[in-house]
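These notes are about the structure you will find just below.
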Amino acid sequence: MNSVLDISLVGLALLVSVGYAVSSLGPRSVRRRVLAALGRITVRAPAYLGLKRLANRFAAASAEKAKGACGGCDDCGATASAPMPPAHDSPASEVHVPVAKIGRRS
């Protein structure tokens, strides 16, 4: 009996780790579909399990647009609400440190 339990626990751990890897490394469209499917499954669960909040979180996560690599608007352009960062050549982006304040390592 213990070997059956051990094998099922190892199998469950492997299944969870593969699912996590696919959801974190996979395409954004797959993540949204997986989250929507998980939301539908948890909605169908019996009420005594208390999965209503989890179902709402899955639904909200699947409805949310995936963010880009920078965490911004996903089109790599500036939006009206976000100001453009200063250019690298502009004086505003330079940092001036007096030479006297630069310490020497011994």
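Each reported figure results from applying straightforward, stated rules to the coordinates on display, with no laboratory input. Quick caveat, the model's predicted, so the values are computed rather than measured. Counting neighbours? That spans all protein chains shown, and the Cβs are built from the backbone with ideal geometry, glycine included.
If you go through region 33-50, how many residues are exposed (fewer than 14 other Cβ atoms within 10 Å of the Cβ) and under 17 Å from the mean Cα position of the chain (by Cα)?
1
Specify the residue that is farthest from the chain's Cα centre (by Cα); the eligible residues are those in region 1-32 that are loosely packed, with under 10 Cβ neighbours inside 10 Å and farther than 18 Å from Ala60 by Cα.
Met1
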